[in-house]
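Inspection log for the structure reproduced underneath, given as C-alpha cells.
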C-alpha cells in the first residue's frame, strides 16, 4: 500500500497537480474557442462586406432616377466599385450640381466624379439689317412710281409717305416697301 498513497485524493501534491493540469486544459480550451470565434467573426465580416450593392444595381437606380430628374436627361453615368462617373453636357452650373446631388443619394454610391460640361451660351441674334438712306431712297422711288399721288422721303432709315392712295393699293405698297428693310414706315397717306 505504499504506492497507493499518491492516488489518494487527500494527498495535497495530487490536488495541486490536478488543479494546475485542469487550469491549463481549461486555458487551452478557451484559447481554441476564442480563436474559432475570432476566425468565424472575420469570415462573416468578409462575406458581408463583399455583399455591397452591385454596380449594375446602382446603374439601374440611376436610369430610374433619370426618368424623374430632368437635369439627368442626356447625361451618361458609369459605375465602378460604387464610384459613379457622370459625363455629358448640362445647360448651367445649377443643372450640373443637380445631377451630382441626384446620383450621390442613391444606395450603394460611394462617391461621384462629375465630369459634365456646361453648354456654351446660344449665339447672339443676328443684327437687324437696315438699308442705308441712299439705296433706300432709290428703292422707295422705284416702288412708288406705280402709285400716282404718293410722295415719299427717307431719313435715318425711316420712310415717310404722304399724299393720297386707293385702299386697294395701300397693302401692296406697304408690302413692297417692307422688302427694302427700312427701320420704320411712317404712313401719313390719305386713303381715297
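Read-outs: derived from the displayed coordinates by stated rules, not from any lab. Worth saying up front: this structure is predicted, and the values here are computed from it rather than measured. All Cβ positions, glycine included, derive from the backbone under ideal geometry; neighbour counts span all protein chains shown.
A few remarks follow.
- Only Cα sites of the range 133-191 enter the Debye sum here, all with the same form factor; the resulting log10 I(q)/I(0) across q = 0.19 1/Å is -0.57, listed in q order.
- Plainly put, the range 55-118 has a radius of gyration that is 0.92 times its Kirkwood radius, both from alpha-carbon atoms, as the Rg/Rh ratio.
- Panel order for 136, 170, by other beta carbons found within 10 Å of each beta carbon, from fewest to most: 170, 136.
- With Rh defined as the Kirkwood radius, the inverse of the mean 1/r over Cα pairs, the Rg/Rh of the range 92-192 is 1.56.
- The range 74-192: relative contact order as a whole-number percent, Cα under 8 Å and 6+ apart: 19 percent
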